[in-house]
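Q: One structure follows; several queries about it will come next.
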Amino acid sequence: MSRQCFICKKKPSSGNKVSHSNIKTKRRWKPNLQSIRIVINGKVKRESVCTKCIKAGKIQKATS
């Protein structure tokens, strides 16, 4: 499973962690992905979707 949103293709971004003494080391910011059951073309699939897409209503949740 890739760390990527199924809808908006959001991926982890990278940058620097900066300490108090201004030493820089690499770090990653991961998107908030949730594995949920969604309806795609009439079929139910389990996919990783970011919380912004869930809140915006870009997906249709599958009922149990």
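Nothing in this text is a laboratory measurement; each read-out follows from the coordinates by a stated rule. Just so it is clear, the structure is predicted and the values come from calculations on it, not from any experiment. Here the Cβ positions follow ideal geometry from the backbone for every residue, glycine too, while neighbour counts run over all protein chains shown.
Q: Restricting the first residue to segment 52-63 and requiring it to be more than 12 Å from Leu33 (Cα to Cα), which pairs with a second residue that is basic (Lys, Arg) and surrounded by 11 or more Cβ atoms within 10 Å (Cβ to Cβ) meet a Cβ separation below 8 Å and a spacing of at least six or different chains?
A: Hits for this filter: Lys61/Arg37; Ala62/Arg37.
Q: Across segment 7-64, which residue is surrounded by the most Cβ atoms within 10 Å (Cβ to Cβ) among those that are in contact with a Cys (Cβ under 7 Å, 6 or more places away or on another chain) and aliphatic (A, V, I, L, M)?
A: Out of the qualifying residues, it is Val49.
The rows are residues; the columns are (1) touching a Pro at 6+ places or on another chain (Cβ under 9 Å); (2) without any contact (Cβ under 8 Å) to a residue 12 or more places away in the chain.
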| residue | (1), (2) |
| --- | --- |
| Ile7 | no, no |
| Ser13 | yes, no |
| Asn16 | no, yes |
| His20 | no, yes |
| Lys26 | no, no |
| Lys30 | yes, no |
| Leu33 | no, no |
| Ile40 | no, yes |
| Val49 | no, no |
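Q: Another question, then. Filter segment 1-45 down to residues that are under 16 Å from Lys58 (Cα atoms) and among the aromatic types (Phe, Trp, Tyr), then give me how many there are.
A: 1
Q: Please find, within segment 1-24, the residue that is farthest from the chain's Cα centre (by Cα) out of those that are over 23 Å from Cys50 (Cα atoms) and of a type in the set (Val, Ile, Thr).
A: Ile23
Q: (1) touching a strand residue (DSSP E or B) at 6+ places or on another chain (Cβ under 8 Å); (2) at positive phi: which one isn't true of Gly42, the others all being true?
A: (1) is the only condition that Gly42 fails.
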